[in-house]
Amino acid sequence: MHISSVSAYVRPAPARVTEEHPLLGEDAGRLTPAYGLSKALAERRAWALAREHGLALTTLRPCLIYGAFDSNFMPIFAALARLPVAVMPAGTWLPMVYAGDVADAVALAIEKPEAVGRAYNVAGEEMSVWQFFTAWRAAGGRSARVALPVPFPFRRSYDTTRARTELAAGEALRETLALEPRPWRRVTAASARP
């Protein structure tokens, strides 16, 4: 199992990115973010080693991961939400996935022999940054008394059809891999607790 990232995809990308979209390479250029490039190069190396040594490999490419114990996105988001006046982008749609859903995806991929040799995008329910902020506030997350939505139209989406059709197995897995992702209102409530 290799955990990569949707950041590994070449930019610009189409509005809805599938697993067939090319990954960044060593020729990506000096302005390419190091995180995405490192994820792409690590994934390319993992596939090469799997071929060379006959290893069974599956790659998951999650998008922005959030959750109660997240040390990357949530602290930054919480700090911005607590400013005296919170300015949040409206019309900005960033794909996010709850950490527990990523863990479920890992377990499912390990259990499924047909997942070997495949890559899967892992993304949750689509929501705007403004919707996430509103859910954060409703869940009791500390936030500014005044919140200003600032128009910033941007949308990125990742196709999770392959993950839903190849990894999901029956009614017991409805909350996994965007079949019915954990409702972000419920998850955000857990994340909002100090």
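The values are calculated or read from the model by the stated rules, or taken from the named source; none is laboratory data. Please read all numbers here as calculations on a predicted model, not as lab measurements. Don't worry about glycine lacking a Cβ; one is built from the backbone with ideal geometry, like all the others, and counts go over all protein chains shown.
Numbers below:
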{"read-out": "Some residue of the stretch 25-46 being of a type in the set (Asp, Glu), modelled with pLDDT of 95 or more and in contact with a His (Cβ under 8 Å, 6 or more places away or on another chain)", "value": "yes"}
{"read-out": "Filtered residue count, the stretch 8-38, keeping only those that are touching a residue at least 60 places away in the same chain (Cβ under 8 Å), of a type outside the set (Ser, Thr, Tyr) and assigned to a loop (DSSP other than H, G, I, E, B)", "value": "3"}
{"read-out": "Enumeration of residues in the stretch 141-179 that are at pLDDT below 50, in a loop (DSSP other than H, G, I, E, B) and under 19 Å from Val97 (Cα atoms)", "value": "Arg174, Glu175, Thr176, Leu177, Ala178, Leu179"}
{"read-out": "Selected residue (only one of Leu64, Leu49 is of a type outside the set (D, E, K, R) and modelled with pLDDT of 95 or more)", "value": "Leu49"}
{"read-out": "Qualifying residues in the stretch 58-101 (those that are out of contact with any helix residue (DSSP H, G or I) (no Cβ under 8 Å at 6 or more places or on another chain) and within 16 Å of Glu126 (Cα to Cα)) - the one surrounded by the fewest Cβ atoms within 10 Å (Cβ to Cβ)", "value": "Ala99"}
{"read-out": "Considering residues of the stretch 142-160 that are surrounded by fewer than 17 Cβ atoms within 10 Å (Cβ to Cβ) and aromatic (Phe, Trp, Tyr) only, the residue nearest to Tyr9 (Cα to Cα)", "value": "Phe154"}
{"read-out": "Boolean, Ala139 is farther than 25 Å from Ile3 by Cβ, of a type in the set (Gly, Ala, Ser) and surrounded by 15 or more Cβ atoms within 10 Å (Cβ to Cβ)", "value": "yes"}
{"read-out": "Selected residue (only one of Val6, Val10 is closer than 26 Å to Leu108 by Cβ and β-branched (Val, Ile, Thr))", "value": "Val6"}
{"read-out": "The stretch 124-140: number of residues that are touching a Lys or Arg at 6+ places or on another chain (Cβ under 9 Å), within 14 Å of Met96 (Cβ to Cβ) and aliphatic (A, V, I, L, M)", "value": "1"}
{"read-out": "Output for the stretch 117-152, where each listed residue is under 20 Å from Leu80 (Cβ atoms) and under 19 Å from the mean Cα position of the chain (by Cα)", "value": "Met127, Ser128, Val129, Trp130, Gln131, Phe132, Phe133, Ala135, Trp136"}
